[in-house]
1. Where residues in segment 42-81 are in a helix (DSSP H, G or I) and at pLDDT 95 or above, which of them is surrounded by the fewest Cβ atoms within 10 Å (Cβ to Cβ)?
2. With the structure loaded, tell me whether E109 is closer than 23 Å to K86 by Cβ, in a helix (DSSP H, G or I) and modelled with pLDDT of 85 or more or whether it fails that test.
3. Which ones in segment 1-34 are at pLDDT 90 or above, touching a Lys or Arg at 6+ places or on another chain (Cβ under 8 Å) and either surrounded by 15 or more Cβ atoms within 10 Å (Cβ to Cβ) or of a type in the set (V, I, T) (or both)?
4. For residues in segment 112-145 being of a type in the set (D, E, K, R) and within 12 Å of the chain's Cα centre (by Cα), which is modelled with the highest pLDDT?
5. Could you please find all residues in segment 118-158 being free of Cβ contacts under 8 Å to residues at least 60 places away in the same chain, assigned to a loop (DSSP other than H, G, I, E, B) and closer than 16 Å to V42 by Cα?
Amino acid sequence: MYRVDRNNFYEREKKATIYTPEGVSNFIFEIVKDCICSDKPVLDPCVGAGSLLKPFKRAGFRVIGIDIEKQGFPGTLVRNYLEIQKGEIDPPSLVIMNPPFNLDQKTKEYIKWHYGGRPLLPEVWLQKAIELFGRDVPIVLFTPYGLRLNQQEHSKRWLRFVNGEYPEIQSIISLPKDIFNGILFHAEILLFNVSQKTGGRHGNIKGHYFYHSEPVQARLY
């Protein structure tokens, strides 16, 4: 088991930039490509080197990458995503994001002031997407299991799901714990709103996937 304190973003610093493997990006693309409209951009607000956007760009989708610094993706808009105000960016067809594992001190203080306490970073990125684009925006979010699991009945995070402040989880992609190079981390991918008709074709998305890099065939014993 991976204890919460072992993966505490605030007390145990980690390398901030954890690059998404190309295979995972392609896996996600194949799932969501038919559920998003092509007349709006695909947005990655922590774009890094751009792995998550590259499959969409190759397929002809318009893409927007935001990051606090340039890390290799052409055309990166250098901004602190958390400080962007509603209306500054047009609503996207999809927000896809693998939030950072660690933060600079200024951003930590910003989160403490605007979001309170020491929340999971993916939850902050999720809240910001909803703040900017509304509860119905399609979202693909990398997150530790703790965003949806191991909660108390009356915890704020649990109640945000129960009371509908957060959109319903449409699908989950389970990842192996060694999916990121050089670290072991309990992560999964949550998909919100992507199975709804958003201007494109109505995709047939399953409720759960196990990520695999190569085609696999189940064995029956």
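1. So in segment 42-81, the residues in a helix (DSSP H, G or I) come out as 54-58, 81.
Next, only the ones that are at pLDDT 95 or above stay: 54-58.
On the way: K54: 17, P55: 20, F56: 24, K57: 16, R58: 11.
If we take residues in segment 42-81 being in a helix (DSSP H, G or I) and at pLDDT 95 or above, then R58 is surrounded by the fewest Cβ atoms within 10 Å (Cβ to Cβ).
2. Values: closer than 23 Å to K86 by Cβ: yes; in a helix (DSSP H, G or I): yes; modelled with pLDDT of 85 or more: no.
So E109 fails the test.
3. S25
4. Residues of segment 112-145 of a type in the set (D, E, K, R): 112, 118, 123, 128, 131, 135-136.
After this cut, where a residue has to be within 12 Å of the chain's Cα centre (by Cα) as well, the list is 123, 128.
Details: E123: 92, K128: 96.
Step by step, filter segment 112-145, then rank; the result is K128.
5. Those that are free of Cβ contacts under 8 Å to residues at least 60 places away in the same chain, assigned to a loop (DSSP other than H, G, I, E, B) and closer than 16 Å to V42 by Cα: G134, V137.
The values are calculated or read from the model by the stated rules, or taken from the named source; none is laboratory data. All values derive from a computational prediction rather than experimental measurement. Cβ: placed from backbone, ideal geometry, glycine included. Neighbour counts: every protein chain shown.
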